1. Can you tell me which residue is modelled with the lowest pLDDT among those in region 32-70 that are among the hydrophobic types (A, V, I, L, M, F, W, C) and over 21 Å from Ser98 (Cβ atoms)?
2. Find the residue count for region 68-98, including only residues that are under 17 Å from Val109 (Cβ atoms) and free of Cβ contacts under 8 Å to residues at least 40 places away in the same chain.
3. Given (1) touching a residue at least 60 places away in the same chain (Cβ under 8 Å); (2) surrounded by fewer than 19 Cβ atoms within 10 Å (Cβ to Cβ); (3) closer than 14 Å to Ala101 by Cβ, identify the lone condition not met by His18.
Amino acid sequence: MSDLEIPIEKRILVIRGHRVLIDADLAELYGVTTRRLNEQVKRNKERFPEAFAFQLNHEDKAEVVANCDHLNKIRFSSALPYAFTEHGVVMAASVLNSPRAIEMSIYVVKKFIKIKEAMLVHNKFAQKLSELELKVEVHDEAITSLFEALRELLEPVLPEERKKIGLK
């Protein structure tokens, strides 16, 4: 469905604890210029609360440019890019209101959901691994105490010297 050379999963970044798409990537997906996308966001500010979209600061931008080769083009831009969460992606499609934007927003949301599901499976696996580790530790302690008890049983019991009774 996507004519992008880089899969959408690789374009979804984690910034400030949110999984987001940078405006340049979202604009490319929707078949519009980044300028047009950002104009619509600014015209419809009330539709984009901080949980839907936020503008990167200089540190965020530098980190994104350093870690994402495909975003080198924003390195020398004086404008700070916007980051769109899953909800912001859908809202951007509604303000752009083009068939491609709507189609691609559905595609992108499905990818966000796929990533969430993968993270959920990963977290469940990590939890099960921790539980197993605790069980092994408990079993190790039980086995160690069992071996100690067996060693005590195997040690020969020497009779204690008794005081002799009677006349000396």
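The values are calculated or read from the model by the stated rules, or taken from the named source; none is laboratory data. Here the structure is a predicted model, which means the values were calculated and not measured. Cβ coordinates were reconstructed from backbone atoms using ideal geometry, including for glycine residues, and neighbour counts include every protein chain displayed.
1. Within region 32-70, the match that is modelled with the lowest pLDDT is Cys68.
2. Initial filter on region 68-98 (under 17 Å from Val109 (Cβ atoms)): 83-98.
From the residues that got through so far, the ones that are free of Cβ contacts under 8 Å to residues at least 40 places away in the same chain too are 87, 90, 97.
Adding up the residues that qualify gives 3.
3. Result: His18 fails condition (3) only.
Conditions (1) at pLDDT 80 or above; (2) more than 30 Å from Ile22 (Cα to Cα); (3) surrounded by 10 or more Cβ atoms within 10 Å (Cβ to Cβ); (4) in contact with a Ser or Thr (Cβ under 7 Å, 6 or more places away or on another chain), marked per residue:
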position: Ser77; (1), (2), (3), (4): yes, no, yes, no
position: Thr85; (1), (2), (3), (4): yes, no, yes, no
position: Ala93; (1), (2), (3), (4): yes, no, yes, yes
position: Arg100; (1), (2), (3), (4): no, no, yes, no
position: Ser105; (1), (2), (3), (4): no, no, yes, no
position: His139; (1), (2), (3), (4): no, yes, yes, no
position: Leu158; (1), (2), (3), (4): no, yes, no, no
position: Lys163; (1), (2), (3), (4): no, yes, no, no
